[in-house]
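What follows is a single structure, written as structure tokens, with notes after it.
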Amino acid sequence: MPDRHRTGSGRLIPFQAFETKTGPILVAAGNDRLFAKLAGVLGRPEWATEARFTSNAARQANKTELLGQIGEILLTRSKGEWIDMLEAAGVPCAPINSLPEVLAQPQTEAIGMLQPVPGDEVPLVGLPLSFNGVRPTIRRAPPKIGEHNDEILPKDR
């Protein structure tokens, strides 16, 4: 699995990934209205009126404290539970899926992202574009090492 890199915005607080019991989610409460909704979902509605957090500038000044508290709360439930609760409240959010989770998504199959390779049992990720609604298919397997040497190398080698 590839390493995950940090996320976040230095200007909008909170606008970053947080861990949950079952994996990370992205929370994008980038304005005061969304922050108040987030505070309610987290069971801390008082944050919306506390001087430390009432504005984005105040949240920037108290970033370490606020993000630490949000992080602790989000660890109490699963990724799916938080996504459901945040979406119901209108807080922009998204799961951060691992590669196996992405591959298991119905949308991955629906848009044909994994494509069979002729003559090979391992599918590959298809091109991330389509023409007239059709994703180009993989037409043949990659050549084996040295398979085309006679065709491309000079004869007098």
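If you go through the stretch 68-77 one residue at a time, do you hit one that is outside any helix (DSSP H, G or I) and either β-branched (Val, Ile, Thr) or within 22 Å of ARG33 (Cα to Cα) (or both)?
The answer is yes, given that some residue of the stretch 68-77 is outside any helix (DSSP H, G or I) and either β-branched (Val, Ile, Thr) or within 22 Å of ARG33 (Cα to Cα) (or both).
For GLU19, state whether it is surrounded by fewer than 16 Cβ atoms within 10 Å (Cβ to Cβ) and assigned to a helix (DSSP H, G or I).
No; evaluated as a whole, the condition is false for this residue.
If VAL117 satisfies all but one of (1) touching a Leu at 6+ places or on another chain (Cβ under 7 Å); (2) within 30 Å of SER130 (Cβ to Cβ); (3) not assigned by TED's automatic domain parsing to the domain that holds GLY133, what's the number of the condition it fails?
Unmet for VAL117, out of (1) touching a Leu at 6+ places or on another chain (Cβ under 7 Å); (2) within 30 Å of SER130 (Cβ to Cβ); (3) not assigned by TED's automatic domain parsing to the domain that holds GLY133: (3).
How many residues, within the stretch 6-27, are under 12 Å from the mean Cα position of the chain (by Cα) and among the hydroxyl-bearing types (Ser, Thr, Tyr)?
Qualifying residue count, the stretch 6-27: 1.
When you scan the stretch 102-117, how many residues do you find that are without any contact (Cβ under 8 Å) to a residue 12 or more places away in the chain and touching a strand residue (DSSP E or B) at 6+ places or on another chain (Cβ under 8 Å)?
Of the residues in that region, 2 qualify.
So which pairs qualify, if the first residue must be in the stretch 68-91 and more than 19 Å from GLY30 (Cα to Cα) and in contact (Cβ under 8 Å) with a residue 12 or more places away in the chain, the second must be surrounded by fewer than 15 Cβ atoms within 10 Å (Cβ to Cβ) and acidic (Asp, Glu), the Cβ gap must be under 8 Å, and the two must be at least 6 apart or on different chains?
What qualifies is LEU75/GLU19.
Matching residues to (1) under 30 Å from PRO14 (Cα atoms); (2) modelled with pLDDT of 90 or more; (3) in a loop (DSSP other than H, G, I, E, B):
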| site | (1), (2), (3) |
| --- | --- |
| TRP82 | yes, yes, no |
| LEU86 | yes, yes, no |
| ALA94 | yes, yes, no |
| VAL102 | yes, yes, no |
| GLU109 | no, no, no |
| VAL122 | no, no, yes |
| ARG140 | no, no, yes |
| ILE145 | no, yes, yes |
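Tell me whether the stretch 64-73 contains one or more residues that are at pLDDT below 95 and surrounded by fewer than 12 Cβ atoms within 10 Å (Cβ to Cβ).
Yes.
Within the stretch 22-36, which residues are under 18 Å from LYS79 (Cα atoms), surrounded by fewer than 20 Cβ atoms within 10 Å (Cβ to Cβ) and either touching a Leu at 6+ places or on another chain (Cβ under 8 Å) or among the β-branched types (Val, Ile, Thr) (or both)?
THR22, ALA28
All but one of (1) out of contact with any helix residue (DSSP H, G or I) (no Cβ under 8 Å at 6 or more places or on another chain); (2) not assigned by TED's automatic domain parsing to the domain that holds VAL41 hold for THR108; state the number of the condition that does not hold.
Against the list (1) out of contact with any helix residue (DSSP H, G or I) (no Cβ under 8 Å at 6 or more places or on another chain); (2) not assigned by TED's automatic domain parsing to the domain that holds VAL41, THR108 comes up short only on (1).
The values are calculated or read from the model by the stated rules, or taken from the named source; none is laboratory data. All values reported here derive from a predicted model rather than from experimental measurement. Cβ: placed from backbone, ideal geometry, glycine included. Neighbour counts: every protein chain shown.
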